[in-house]
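Enquirer: The structure is given below, and queries will be raised subsequently.
The values are calculated or read from the model by the stated rules, or taken from the named source; none is laboratory data. This one's a predicted model, so the numbers in the text were calculated from it and none came from an experiment. Methodologically, a virtual Cβ is constructed for each residue, glycine included, from the backbone with ideal geometry; neighbour enumeration extends over all protein chains shown.
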Ligand code: KDG
Ligand code: MG
């Protein structure tokens, strides 16, 4: 069996999804997602210029050897661009393998360990009452877990993922007006004065059953993060996410020494070598890799297995930048992984997105039911794809009030 061709598509409804379609001489095709938010053209170029010309003629059933060929074969290894490109190939090969075996990918991994997987939504507010309304709306829809992000009183601009004005909804992460980023101004002192009490108010209002998550988005220094994690212990967070920048694995040790608040990190990691010390030293509780830029199912599974040895559960990244293809790959791992924790999930299900990526996967009462269709269980409509072109966009950048550049 041989790979005969592969195509890359960039675009989508309100997002630049990078979709890979691999064709074979047996008529079976596979789909992968290489979307790297705000840098989408780069994995697409790596696929088109280098990986696809090498892929043609290979046997798609040999997904492990193909992964090793691209990873070990590249002298300059790792990094989100390369790993997103390998990830897309790998997902597409698992999709093909599942279709050939007439089995859903979760069965190839070892079968279902649960009937449905817990997900969390994003509640956000320009201020605390606005956030409370947003949380209440998600609870009404059946969500059992909600990430909460709030505008901070006195902060010169809205901070990470919150709107400027109350009552608005939408994506506050990517601005599609061009590649020059907007600037957010950040003030750690105001954040630390406000946020612990706000989280305590949320717990009082919604009671003990709600799973409350909060994302610091890499903004604190290790000592500040340790103090924050300690201050919010009585809230009983499900997790505190990205308290410090992801590059420094040792920073998490200080937090662990001072607080029992569960810690989640890893959405910017792209290899097992970004988190092996964190996991082996049991400094975190949840690993937040994304199957997309952690090298696909083949590499993500190695991270999940290492995590399982050390009581670390999964909490895969699921920002709306991931297409339904990589989300499906994650849902299959979630169905199988013995150490599954939770899945970040933002409903992409607009009619346009469903038309582009038809599938039988479904969310019900805050739980995700993976489709039993062979392979990943998502299709891709090329005629629909022709309606969308690449749109340049950017995350904001963050500065302190004196102009110093800070972590987004
Ligand atoms: O592209 C960046 C986003 O994916 C990221 O900011 C989202 O932190 C994020 C999250 O937890 O979803
Ligand atoms: Mg995050």
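Enquirer: Name the one entry in 209, 248 that is closer than 20 Å to residue 342 by Cβ, surrounded by fewer than 16 Cβ atoms within 10 Å (Cβ to Cβ) and assigned by TED's automatic domain parsing to the domain that holds residue 134.
Expert: The match here is 209.
Enquirer: I've got another one for you. Those residues that are more than 16 Å from ligand 1 (Cβ to nearest atom) and out of contact with any strand residue (DSSP E or B) (no Cβ under 7 Å at 6 or more places or on another chain), I need them from the stretch 380-408; list them, please.
Expert: 381, 382, 383, 384, 386, 387, 388, 389, 402, 403, 404
Enquirer: Consider residue 342 carefully, then state whether it is surrounded by 20 or more Cβ atoms within 10 Å (Cβ to Cβ), within 19 Å of residue 89 (Cβ to Cβ) and not assigned by TED's automatic domain parsing to the domain that holds residue 68.
Expert: no
Enquirer: Please give the number of the condition residue 23 fails out of (1) modelled with pLDDT of 95 or more; (2) crowded, with 17+ Cβ neighbours inside 10 Å; (3) touching a helix residue (DSSP H, G or I) at 6+ places or on another chain (Cβ under 9 Å); (4) not in a helix (DSSP H, G or I).
Expert: (3)
Enquirer: Identify all residues within the stretch 207-246 that are more than 24 Å from residue 155 (Cα to Cα), without any contact (Cβ under 8 Å) to a residue 40 or more places away in the chain and more than 24 Å from the chain's Cα centre (by Cα); write none if there are none.
Expert: Of everything in the stretch 207-246, those that are more than 24 Å from residue 155 (Cα to Cα), without any contact (Cβ under 8 Å) to a residue 40 or more places away in the chain and more than 24 Å from the chain's Cα centre (by Cα) turn out to be 207, 208, 233, 234.
Enquirer: Modelled with pLDDT of 95 or more, in contact with a helix residue (DSSP H, G or I) (Cβ under 9 Å, 6 or more places away or on another chain) and within 13 Å of ligand 1 (Cβ to nearest atom): which single residue out of 222, 243, 234 fits that description?
Expert: 243
Enquirer: Residue 7 - would you say it is part of a strand (DSSP E or B), surrounded by fewer than 19 Cβ atoms within 10 Å (Cβ to Cβ) and modelled with pLDDT of 95 or more?
Expert: Taking the combined requirement at face value, the residue satisfies it.
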